[in-house]
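The values are calculated or read from the model by the stated rules, or taken from the named source; none is laboratory data. Computed from a prediction, not measured in an experiment: that's the story for all the values here. Ideal geometry is used to build each Cβ from the backbone, glycine not excepted, and the neighbour counts take in all protein chains shown.
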Amino acid sequence: MVIKAWNRLLRLPNLFILAWSQFLVFRCLILPFFDADELTLNFNQFLLLMLAFTLVCASGNVINAIYDRHIDATQESHFIIPKYFSLQFCWILYISLIGVGAAISFYLALTSHQTMLWWIYPLSVFLLWIYSYKLKCFPVLGNLIVAAFTGLALLFIPFTFRENLNDLRMLDYSLWAQLNYRFLMLGIFAMLCNLCRELCKDLEDFIPDQAQQCQSTAVYYGIPTAKKMTLWCMLALDAVLVLDMIRQPTSFNQLLAVAFALAPASYCSFKLFKSFQQNDFAHVSASLKFLMLSGLILFCILYEF
């Protein structure tokens, strides 16, 4: 039970997916195309960058659990503060995670001469704090912030190596354009996929949110309207994946797009259309997490250039 409580507090699977996503982007879309000695960050520095990003996301999960403790108390499976962790311990953990992440970011900013890496860190901490404190129960806007943060987390990797990418533009414009298209598609895919998942989670948590007067999207607009909004987002995701499939240069890539993106996305759309109960929306949310993983594998590993 203690392991489950830690998992619930830190949301370890989500942290793993985020870290794995950033590593895949670096390993498959950055490292093969550049001389390792000329990269803005070396491999060890990149791992530290990934750790700092994971720590700030972990701190966001902790502060979210702190502010959500009254809502979580209405659900036995979500009830962890103060059942397993005291409120004081959670605050100390939150500050510690931020402190370690800040130290890593400051070190990277100094050693890589990229001061932007330092300034992005407090901005990320503030964004996750204000979301948990105020915007989570703000309809639509809270969902958009989380979705945008996820998409930007992936785009942050090419941003970090922007100097190397600018040099590549002069040497091989075609490859530069293909990589930038891949980065853009990854960001859009991650944002739309997580927006759908956030809306599904609002539908799943309708009863406890309503009981605590949390004006989530589902509570504010009602389940029927919120479900329609989620379906429209799913259709937008499907449309993006169809356009990406059409744009692929080979039939093999198109088959991969169907198997790893379009088919899972269509399944999620169908299951969402058929969903009416809390457990139904939970299943769609879990399926969207699988879609996120399969899409990452597709864009980073399987697609041929």
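Data table
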quantity: Conditions (1) modelled with pLDDT under 90; (2) part of a helix (DSSP H, G or I); (3) not acidic (Asp, Glu): number failed by Ile80; calculated: (2)
quantity: Members of the range 127-144 found to be in a helix (DSSP H, G or I) and touching an Asp or Glu at 6+ places or on another chain (Cβ under 9 Å), listed by number; calculated: Ser132, Gly142, Asn143, Leu144
quantity: Filtered residue count, the range 125-179, keeping only those that are basic (Lys, Arg), over 24 Å from Gln45 (Cβ atoms) and surrounded by fewer than 17 Cβ atoms within 10 Å (Cβ to Cβ); calculated: 1
quantity: Residue within the range 216-235 that is in a helix (DSSP H, G or I), closer than 20 Å to Leu296 by Cβ and modelled with pLDDT of 90 or more present; calculated: yes
quantity: Selection within the range 195-232 - closer than 16 Å to Ala265 by Cα and buried (at least 22 other Cβ atoms within 10 Å of the Cβ); calculated: Leu195, Cys196, Arg197, Glu198, Leu199, Cys200, Thr230
quantity: Residue match in the range 296-303 (condition: at pLDDT below 90, not aliphatic (A, V, I, L, M) and not in a helix (DSSP H, G or I)); calculated: yes
quantity: Filter result for Arg182 (free of Cβ contacts under 8 Å to residues at least 40 places away in the same chain and closer than 30 Å to Thr40 by Cα); calculated: no
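Quick grid of which residues meet (1) at pLDDT below 90; (2) touching an Asp or Glu at 6+ places or on another chain (Cβ under 6 Å); (3) surrounded by 15 or more Cβ atoms within 10 Å (Cβ to Cβ):
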residue: Met1; (1), (2), (3): yes, no, no
residue: Gln22; (1), (2), (3): no, no, yes
residue: Val25; (1), (2), (3): no, no, yes
residue: Leu49; (1), (2), (3): no, no, yes
residue: Ala52; (1), (2), (3): no, no, yes
residue: Ala58; (1), (2), (3): no, no, yes
residue: Asp68; (1), (2), (3): yes, no, yes
